[in-house]
Amino acid sequence: MSLNWKDWITPRYSADAIVQKVAEEFEYFDDDIVVSTYHKSGTTLTQEMISCLILGPEKTKNTALLRRSPFIDFYKHLPRDPMEEARTLPRPRVLKTHLPPAFHMRHLSDRSPDVGPKNVIVIRNPKDVVVSAFHHFTGTKLFDGKPIPDKFSEYWRSAIFQPGNVSHHDIFDFNRSWWSFKDHPRVFVLFYEDIVRNKADQVRKLAKFLGVELTDELLEATLDLTSFQTMRENPNVNYSIAERAKDDWKPGSNFIRKGEIGDWKNHFTVAENEEFDRYIAERMRGCDLKFTFE
Ligand code: PPS
């Protein structure tokens, strides 16, 4: 699976010049950790887990997420360019992107075990991703340009069958292309559903990949700070209650929304679900990546 970054459809949150800069110029260090996900797949939760392990629970608790873990391909509505923000951070840095491996080929093409940033990928089943994205995109006032369909039946078809239409590129290309790097020594793939089901196990694996000594105390603090309830109530993580961003969210919507596996069952009709299942089977043919739907 190879996707050239120039074929990527720039999502609405970014701009062509920004993604080009990430692909060609942004300077990474070998001790960087880059969380790369298709949107709504558990990015924030994973950033929080890594932040606890690398930056420590105190800093994680008391600093706004965007200040300690910049979203480098994002450019809208921020007082500072996130790539600039990243340049000023002490190392090791914890960075976020929503970009596929094609954007990281400057370092991924080197397969030496100690060269290039460590890449943590999070994959979530596409049905729950599309549900989560629907609530995010219809719940904020941030997405200008072409209207976002406010009926779920229109939204999911648009998001899945016309990538780039509502915002992002194709979810199958994205996940298949990262999955093809799963054995790369600097790549670690996590699944959202595994984190929700057994976070302690995933934190242990993550700590091993990151080379962090995980004491019982650190594990405990990480689990506490990344519980759904704690993250929902934390204005440093939840944009819907953060002083600077809360006005962008419509009443009743929440960035840290439900945090469950299988909310798609409350959104798709039986016929829509069958249609989506057929499409998923077609798009995942020949790939051993398996999604968890329930
Ligand atoms: S984004 O906007 O792309 O960065 O969103 P992302 O962080 O990738 O995904 C958001 C979804 O993750 C859920 N979430 C959590 N689930 C379980 N536990 C914790 N602690 C947690 N924190 C965030 C969040 O609620 C979104 O999923 P939905 O299904 O909408 O609830």
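The values are calculated or read from the model by the stated rules, or taken from the named source; none is laboratory data. None of these values were measured; they are calculated from a predicted model. Ideal geometry is used to build each Cβ from the backbone, glycine not excepted, and the neighbour counts take in all protein chains shown. For the accessible areas, the whole protein counts, side chains as well, though only heavy atoms, and no ligand, DNA or RNA atoms are used. Shrake-Rupley method; radii C 1.70, N 1.55, O 1.52, S 1.80 Å.
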Filtering the range 144-172 for residues that are under 20 Å from Val19 (Cβ atoms) and assigned to a loop (DSSP other than H, G, I, E, B) leaves a count of 12
Enumerate the pairs (first residue in the range 60-81 and without any contact (Cβ under 8 Å) to a residue 40 or more places away in the chain; second residue anywhere and within 12 Å of the ligand (Cβ to nearest atom) and open to solvent by 40 Å² or more (accessible area, probe 1.4 Å)) with beta-carbon separation below 6 Å, excluding pairs fewer than 6 apart on the same chain, so at least 6 apart or on different chains.
none
I'm trying to understand the selection: among the residues of the range 138-154, which are acidic (Asp, Glu) and at pLDDT below 95?
Asp144, Asp150
Enumeration of residues in the range 28-57 that are over 18 Å from the mean Cα position of the chain (by Cα), more than 16 Å from Asn119 (Cβ to Cβ) and touching a residue at least 24 places away in the same chain (Cβ under 8 Å)
Leu55, Pro57
Residue under question is Thr226, and the condition is that it be within 16 Å of the ligand (Cβ to nearest atom) and not acidic (Asp, Glu); does it hold?
yes
Please give the number of the condition Ile160 fails out of (1) within 16 Å of the ligand (Cβ to nearest atom); (2) open to solvent by less than 20 Å² (accessible area, probe 1.4 Å).
(1)
Show the residue pairs meeting these rules: Cβ distance below 7 Å; 6+ apart or different chains; first residue within the range 276-294 and over 21 Å from Glu260 (Cα atoms); second residue β-branched (Val, Ile, Thr) and in a helix (DSSP H, G or I).
Tyr279/Ile160
Looking only at helices (runs of 4 or more DSSP H) that fall completely inside the range 184-247, which ones have 2 or more residues that are buried (at least 18 other Cβ atoms within 10 Å of the Cβ) and out of contact with any Cys (no Cβ under 8 Å at 6 or more places or on another chain)?
192-197, 199-210
Which numbered condition in (1) among the small types (Gly, Ala, Ser); (2) within 23 Å of the chain's Cα centre (by Cα); (3) within 19 Å of Glu154 (Cβ to Cβ) is the only one that Ala271 fails?
(2)
Return a yes/no flag: does the range 92-112 have any residue that is in contact with a strand residue (DSSP E or B) (Cβ under 9 Å, 6 or more places away or on another chain), open to solvent by 10 Å² or more (accessible area, probe 1.4 Å) and under 21 Å from Ala133 (Cβ atoms).
yes
Please work out which residue is nearest to the ligand (Cβ to nearest atom), limiting yourself to the range 103-132 and to residues that are in a helix (DSSP H, G or I) and over 30 Å from Arg278 (Cβ atoms).
Phe103
